[in-house]
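The values are calculated or read from the model by the stated rules, or taken from the named source; none is laboratory data. None of the values given here were measured: they were computed from a predicted structure. Every residue, glycine among them, receives a Cβ derived from its backbone with ideal geometry; neighbour counts consider all protein chains shown.
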Amino acid sequence: MSQSLADQECKACTSDDEPLTEAEYAEYLAELDEDVWTVVDEHHLEGTYPFDDFRNALEFTYEVGELAEEEWHHPDLHLQWGEVRVEMWTHKIDGLHKTDFVMAARMDRMHEEYAPE
């Protein structure tokens, strides 16, 4: 069995890397929560996580911030009552890299403990 996307290394890209094409990122996208994530304009990932209240949304946002600092890969986070919206792409290549999908898979895993009932 292959390693889960969430368990893979967040490997930084180089300036020589090209953004992933739709054919290249399709298998990674299939591993993410389909109710949360979409690819926008073949450029970035966008996802919205639901929460039952503001406190859990805030705590999740903090956890994502800690993960972002650990991996040095920083998504745009938009917090409001009942949801956290995430936008993410690799700025160095101005597009999607496997690392974006690894981070999204880790966020999916973190969200499981906050999922509304």
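Taking the stated definitions as given, is Asp94 in contact with an Asp or Glu (Cβ under 9 Å, 6 or more places away or on another chain) and of a type in the set (D, E, K, R)? It is false that Asp94 is in contact with an Asp or Glu (Cβ under 9 Å, 6 or more places away or on another chain) and of a type in the set (D, E, K, R).
When the criteria are applied in full, Glu66 fails the requirement of being modelled with pLDDT of 95 or more and either in contact with a helix residue (DSSP H, G or I) (Cβ under 8 Å, 6 or more places away or on another chain) or polar (S, T, N, Q) (or both).
Note on the stretch 57-86: residues that are at positive phi and in contact with a strand residue (DSSP E or B) (Cβ under 8 Å, 6 or more places away or on another chain) total 1. Return yes or no: is Arg55 among the charged types (D, E, K, R) and part of a helix (DSSP H, G or I)? Yes, satisfied. Take Asp33 and tell me if it is part of a loop (DSSP other than H, G, I, E, B) and free of Cβ contacts under 8 Å to residues at least 24 places away in the same chain. It is false that Asp33 is part of a loop (DSSP other than H, G, I, E, B) and free of Cβ contacts under 8 Å to residues at least 24 places away in the same chain.
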